[in-house]
Amino acid sequence: MIDVAVIGSLNLDLVARCDRHPDPGETVLGTTYAEHPGGKGLNQAVAAARAGATVALLGAVGDDEPGRRLRQTGATAGVDVSRVAVSAAPTGRALIVVDDRGENSIVVVPGANAELPDGRLPAARVVLAQLEVPLASVTAAFEAARATGATTVLNPAPAQPLSPTVLALCDIVVPNEHEVELLGGVAALHGAGVGTVITTRGAAGVVVSDGTTTELAAFAVDVVDTTGAGDAFCGNLAARLAAGDDLHDAIRWAMAAGALAVGVSGAVASLPTGAATQELMALQA
Ligand code: ADP
């Protein structure tokens, strides 16, 4: 049995930095451009692996150079990518604009991610998913996870309306502030059968709702690029739950990892090691 099975996307991130975001119809001049491996599935799988978990990723890429590079990124981080299929559609792309305050806006073009074949995840303690792959694939993975007693964690990003059937399969849902609103609020999620809702609020920390409501303040760090904070949080949360931490210990670890991720540019590049995360936790105990 492995620690964490992730079902999710792999994208090539095309990142432009500029002073401020363009308004609709407007063109602004960028300052820098870079290409990075990304996609919430790959990011969260790498985040969990760097935290020390054994991880497998179920996903799809195109038969192209970015696809090979993304699989290699996962493999280099120690993620089992043998279930990342090679599809006829091109590898997914994310067009990311980051302004000088570190705020990002993103357009994702799914490509191969939309054609995720049916595949079996290996037996895992925690099964982690996001919404950049078809909902039917996530539902099937969570049904299988429930049958084996795994803990299911859904990061509902990008947000889309979710049926009560899907929500009833989620032990833990981790939305950010925008996503929780689009899903109708914390009470609606509990009403659909979700046991724990962890709302991440960037520099304002998190709110945990699991019968009681607890607010936790974020770790103090300088912001370079917020891309990857939510992915660092989710991957680390899954890794620590699989390691046997109780919920609040796992959340504190995930918050430290999220904070470290905003201090470095890019998504995969900004994901911290377990040692770095422990160091920040000790510094700001
Ligand atoms: P998303 O990227 O999905 O919008 P958040 O921005 O809410 O997710 O970040 C996830 C978590 O990472 C936050 O709950 C927080 O613990 C940590 N984090 C994010 N931004 C910062 C920040 N500026 N300072 C400290 N911690 C942060």
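The values are calculated or read from the model by the stated rules, or taken from the named source; none is laboratory data. A quick note: this is a predicted structure, and the numbers were derived from the prediction, not measured. Positions of Cβ are backbone-derived with ideal geometry, glycine not excepted, and every protein chain shown enters the neighbour counts.
Only residues that are more than 25 Å from ASN236 (Cα to Cα) and assigned to a loop (DSSP other than H, G, I, E, B) were counted across region 51-100, and they come to 8. Scanning region 119-129 for residues that are over 17 Å from LEU241 (Cα atoms) and under 18 Å from the mean Cα position of the chain (by Cα) yields a single hit, LEU121. Considering the conditions (1) closer than 19 Å to THR226 by Cβ; (2) without any contact (Cβ under 8 Å) to a residue 60 or more places away in the chain, ARG50 is excluded by exactly one of them, (2). Exactly one residue among ASP64, ASP13 is at pLDDT 95 or above, at negative phi and of a type outside the set (A, V, I, L, M, F, W, C), and that residue is ASP64. Selection of helices (runs of 4 or more DSSP H) fully inside region 179-285 by the criterion of at least 2 residues being within 14 Å of the ligand (Cβ to nearest atom) and in contact with a strand residue (DSSP E or B) (Cβ under 7 Å, 6 or more places away or on another chain) returns 229-242, 247-261.
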